[in-house]
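See structure below.
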Amino acid sequence: MFVDSLQSKPYINKIVNGKVIWSAPSNIALVKYWGKLPNQIPANPSVSFTLDACRTTTSVTFKKKQNTSDDFSVEVWFEGKLTPSFKPKILTFFERIEAYLPFLKTYHFVITTSNTFPHSSGIASSASGMSALALCLLSIEQQLTNEALTQEDFQNKASFLARLGSGSACRSIEGDLVVWGIHDEIPGSSDLFGLKYPFEVHDNFKNYHDAILLVDKGEKQVSSTVGHKLMHNHPYAENRFQQAHNNLSALISVFKEGDLKKFINIVESEALTLHAMMMTSNPYFILMKPNTLKIINKIWEFRVASGSHLCFTLDAGANVHVLFPDKESEQVYDFIRSELVDFCQNAHYICDTIGFGAKQITQ
Ligand code: DP6
């Protein structure tokens with residue numbers, strides 16, 4: 001039972017201090033997680049491509065406290081600067097995971113973190129950040145128990161912990177396609193952790209590209225956490241949750257057969273539905289910007305004119321993720337450079353591809 005494997009084993013090793021480092025990727029959802037129940041349980045299943053270039057690297061230095069107090073002792077450094085503003089989120093995370101990592105109050109932690117993408121890019125760093133931190137903390141626990149978890153148990157527990165930091169973070173431990181949330185047709189799928197997609201994936205999806213067009217680098221007006229809450233009593237919630245199940249079912253044969261037309265239809269519909277949920281919440285809000293819509297229209301025109309299989313998806317913000325198969329990458333990048341960069345803030349976009357998950361960094 002997975003839940004049994006969460007219980008910590010006795011801490012037989014007396015370790016005074018140490019340091020661990022992990023690098024974890026971001027991910028982009030194809031079927032979106034939007035709406036949750038208590039304890040970070042998703043209201044519907046989701047599936048994502050794990051990214052490769054967009055990553056967070058986190059090191060955790062730990063030192064045994066002289067006196068074990070009832071407080072967590074944490075210092076956070078972000079991109080070389082002491083950043084107290086990150087602390088509340090990390091303390092909430094520690095509170096949620098302490099039951100599974102009982103050593104957290106017995107050490108002082110210095111957490112040093114940096115992203116490969118610019119902080120003010122509007123790219124959410126919570127997925128890569130929380131998964132990197134969860135992996136560091138689980139690695140520390142492994143040293144304390146001296147217990148060799150199987151790779152699968154380690155990844156599942158890391159994903160379980162990361163989920164408690166940020167839901168989408170549980171999909172950032174492994175690659176290249178990850179499902180989170182119980183789905184009838186996907187054996188092993190769980191609300192508690194992300195599962196590597198277990199079925200056949202056509203070569204069309206190998207090395208898929210994601211060019212992230214940075215339309216608006218500003219702080220979002222409405223956080224994802226608030227957005228998720230607005231799905232409670234949302235007039236369309238139940239239909240939306242059912243639609244996510246149906247779209248994930250449909251994607252199973254799309255992934256197997258490599259049907260890019262159906263893939264485009266599902267992925268773009270998911271993106272627009274996500275934003276439709278925001279526009280139909282109460283209070284309602286719009287995270288797309290005029291340039292988001294201009295880019296979407298340009299993509300649609302280009303697809304008709306060129307027969308290309310590029311499509312877009314959106315996360316909870318104004319930036320546009322342009323997804324396309326590897327064999328069309330030259331043509332699509334030409335199009336992005338000639339037609340889309342003008343709609344990006346400071347002509348800024350990030351070239352990424354599907355990746356294979358988090359990595360421990362040995363010093
Ligand atoms: C739109 O994982 O950021 O990106 O669990 O509150 O931290 P919390 O939310 P978060 O929500 C991500 C929402 C999304 C869709 C997705 O990634 O599936």
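For the reader, a short list of remarks on this structure follows.
- Yes/no for SER114 being touching an Asp or Glu at 6+ places or on another chain (Cβ under 6 Å), among the polar types (S, T, N, Q) and away from the ligand (no atom under 16 Å from the Cβ): yes
- Only one entry of VAL215, VAL222 meets the criterion of being away from the ligand (no atom under 13 Å from the Cβ), among the β-branched types (Val, Ile, Thr) and open to solvent by less than 40 Å² (accessible area, probe 1.4 Å), and that entry is VAL215.
- Condition met for ASN27 (within 15 Å of the ligand (Cβ to nearest atom) and part of a helix (DSSP H, G or I)): no
- Taken over the range 54-74, the criterion of being open to solvent by 20 Å² or more (accessible area, probe 1.4 Å) and either of a type outside the set (D, E, K, R) or over 14 Å from LYS19 (Cα atoms) (or both) is satisfied by ARG55, THR57, THR61, LYS65, GLN66, ASN67, THR68, SER69, ASP70, ASP71, PHE72, SER73.
- The range 101-120 - residue that is over 16 Å from LEU133 (Cα atoms) and among the hydroxyl-bearing types (Ser, Thr, Tyr) and, of those, modelled with the highest pLDDT: THR106
- Every pair of residues 6+ apart whose Cβ atoms lie under 7 Å, when the first sits in the range 144-156 and is closer than 18 Å to ALA358 by Cα while the second is small (Gly, Ala, Ser) and not in a loop (DSSP other than H, G, I, E, B): ASP153/SER5
- LYS261 at pLDDT 95 or above, farther than 27 Å from ARG337 by Cβ and surrounded by fewer than 19 Cβ atoms within 10 Å (Cβ to Cβ): no
- Candidate set from the range 174-210 (those that are small (Gly, Ala, Ser) and surrounded by fewer than 23 Cβ atoms within 10 Å (Cβ to Cβ)); member that is nearest to PRO25 (Cα to Cα): GLY175
- Meets criteria (over 30 Å from THR61 (Cα atoms), surrounded by 14 or more Cβ atoms within 10 Å (Cβ to Cβ) and at pLDDT 95 or above) for GLU301: no
- The residue that is nearest to the chain's Cα centre (by Cα), counting only those in the range 65-80 that are more than 17 Å from ALA132 (Cβ to Cβ) and at pLDDT below 95, is ASP71.
- Comparison of TYR33, TYR11 shows that the only residue that is crowded, with 19+ Cβ neighbours inside 10 Å and outside any helix (DSSP H, G or I) is TYR33.
- Residues that are surrounded by 18 or more Cβ atoms within 10 Å (Cβ to Cβ), away from the ligand (no atom under 16 Å from the Cβ) and not in a helix (DSSP H, G or I) within the range 309-348 comprise LEU310, CYS311, VAL322, PHE324, PRO325, CYS344, listed in sequence order.
- Hits in the range 225-250 (condition: open to solvent by less than 40 Å² (accessible area, probe 1.4 Å) and basic (Lys, Arg)): ARG240
- Summed over the range 253-291, residues that are under 22 Å from HIS209 (Cβ atoms), assigned to a helix (DSSP H, G or I) and out of contact with any strand residue (DSSP E or B) (no Cβ under 6 Å at 6 or more places or on another chain) total 14.
- Residues in the range 147-173 that are closer than 18 Å to LEU6 by Cβ and not in a helix (DSSP H, G or I) were compared, and the one that is nearest to the ligand (Cβ to nearest atom) is ILE173.
- Near pairs, Cβ below 6 angstrom, 6+ apart or cross-chain, from the range 207-233 (more than 18 Å from ALA244 (Cβ to Cβ)) to any residue that is open to solvent by 20 Å² or more (accessible area, probe 1.4 Å) and within 15 Å of the ligand (Cβ to nearest atom): ASP216/GLY122; LYS217/GLY122; VAL222/PHE285
- Each residue in the range 77-133 was checked for being hydrophobic (A, V, I, L, M, F, W, C) and part of a helix (DSSP H, G or I), and 11 pass.
- Residue identified as part of a helix (DSSP H, G or I) and more than 30 Å from SER329 (Cα to Cα) among ILE186, ILE182, ILE140: ILE140
- Of all the numbered requirements in (1) modelled with pLDDT of 95 or more; (2) surrounded by 17 or more Cβ atoms within 10 Å (Cβ to Cβ), GLU98 misses one, and that requirement is (2).
The values are calculated or read from the model by the stated rules, or taken from the named source; none is laboratory data. It should be emphasised that the depicted structure is a prediction, and the values quoted were computed from it without experimental measurement. Every residue, glycine as well, gets a Cβ built from its backbone with ideal geometry; the counts of neighbours run over all protein chains shown. These area figures cover heavy atoms from the full protein model, side chains too; ligands, DNA and RNA do not enter into them. Shrake-Rupley method; radii C 1.70, N 1.55, O 1.52, S 1.80 Å.
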